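Trainee: Take a look at this one; I'll ask things after.
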Amino acid sequence: MLDRSSNVLPGAYVSTDQLLRLRFRPKPKEPSRVKAASGAQAGLRLSKQKGRGVDFAEVRQYQPGDDIRSIEWRVTARKNTPHTKVFREERERPALLFVDQSQHMFFGSQQRLKSVAAAELAARIAWQITASGDRVGGMVLDNLGHHIFRPFRTVRATGRLLQQVALSNQILARPTPDTANAGAAHGRLRDALGALNQLRQRRHRVFVISDFGGPLDLWQSSLHRLAQHHQVHVVQITDPLDGELPPAGVYNIAHAEQTVSFYSGDTALRARYASDHEKRAARITELCRHPALTYRKLSTADTDWDTLAWN
């Protein structure tokens, strides 16, 4: 259930039922639609861009820049003024969600873990797009590998995708030697991003939801390859402890079979920790500076996601 003090899913794990119920959350107010449109880039909505399409809309007086191949000669002859046909093009805009449920997402200090936040966000996006009539598919990355779901337009198909998100979320636990193996984790990430880039169809909307742990060079090359053929929305899940150590005190951190103890009040340590985070954050922002990429950052500390619109 949603936390009474906020409009987000709390805790360390998420269930299939919780993700399915997000279908009935209040829908964000949609921006006003453009009335007259025709275009080459669209979904089940009219595009602002002009171009010859599939559905005839109207005949109007020729304007500079109109395609001369669309001139309506009979109306032109009757009115003695050039007139052209206007077409309305409606194309599908299939959406693919890349949902990271790997080990480094099993972390959080505010309300819930990053893995739960990513699962919730994926569900909210999926339900909004399903409600708009577009197809939804995706890929879920977890500690076992990746799971691919072809885009479909049905509630049942969206439910199957979210069921896998919940299953991948529920197998997360304290690191073991296998899940803590950085080389193996990077290999799973490389395989998943490689499979995502093997999509045969073009012009998908791709939503990449992760905290972007792992090699940034791998993320950059994969995202830029995706952006050559798709519209890519990058959503980074963060946590307040990513950039600042907790209040002064002695803390023990367990990672697989290793335990590290440190004093967070060390001024030099705090400065170095914050600096390393800022450098990585700057690199992530920079790699998303691409004309076909959009970038957004959301935190586990956020309290209301009902206002987020993704259509």
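Every number here is computed from the coordinates shown, using simple stated rules; none is lab data. Here the structure is a predicted model, which means the values were calculated and not measured. We place every Cβ from the backbone using ideal geometry, glycine too, and count neighbours over all the protein chains shown.
Trainee: For ASP17 paired with ALA254, estimate the spin-label separation in nm (one decimal), with each label point 7 Å from Cα along the Cα-to-Cβ line.
Mentor: 3.0
Trainee: How much length would be gained if the chain were fully extended between ARG190 and GLN228, taking 0.36 nm per residue of separation minus their Cα-Cα distance, in nm to one decimal?
Mentor: Taking 0.36 nm per residue and subtracting the Cα distance, the gain is 11.9 nm.
Trainee: Which entry in (i) 162; (ii) 149; (iii) 132 is this structure's computed volume of the Cα convex hull per residue in Å³?
Mentor: (ii)
Trainee: Continuing with the same structure: Ranked from highest to lowest mean number of other Cβ atoms within 10 Å per residue, what is the order of the peptides 147-157, 133-143?
Mentor: The packing order, highest mean first, is 133-143, 147-157.
Trainee: Quick query: amide H of GLY11 versus all other amide H atoms, modeled in the peptide plane; which residues come in under 5 Å with a sequence gap of 5 or more or a different chain?
Mentor: Result for GLY11 returns ARG112, LEU113.
Trainee: By counting other Cβ atoms within 10 Å of each Cβ, how are LYS114, LYS297 ranked from fewest to most?
Mentor: LYS297, LYS114
Trainee: Stretched out fully, how many nm does the piece from LEU216 to THR267 gain, at 0.36 nm a residue minus the Cα gap?
Mentor: Stretched out fully, the LEU216 to THR267 stretch lengthens by 15.6 nm.
Trainee: Quick check on packing: order 284-296, 264-276 by the mean number of other C-beta atoms within 10 Å, highest mean leading.
Mentor: The packing order, highest mean first, is 284-296, 264-276.
Trainee: Helix-only mean residue ellipticity at 222 nm, the chain, DSSP H runs n ≥ 4 weighted -39,500 (n - 2.57), per residue, nearest 500. What is it?
Mentor: -10000 deg cm²/dmol
Trainee: Would you pull out the residues with amide H under 5 Å of VAL232's amide H, same chain only if 5 or more places away, H placed 1.01 Å from N?
Mentor: For VAL232, whose amide H was placed from the backbone, the distant partners under 5 Å are VAL206, THR294.
Trainee: Note the full-extension length gain between ALA173 and ARG289 as 0.36 nm times their separation in residues minus their Cα-Cα distance, in nm to one decimal.
Mentor: Numbers: separation 116, 0.36 × 116 = 41.76 nm, distance 3.44 nm.
Full extension from ALA173 to ARG289 adds 38.3 nm.
Trainee: On to the next question. I'd like the orientation of helix 216-227 relative to the chain: the angle between its Cα long axis and the longest Cα principal axis, in ° from 0 to 90, rounded to 10.
Mentor: Helix 216-227 and the main axis of the chain meet at about 20 degrees.
Trainee: Gaussian network model of the chain, Cα springs within a sub-10 Å range: biggest mean-square fluctuation belongs to which of GLY187, GLY11, GLY249?
Mentor: GLY249
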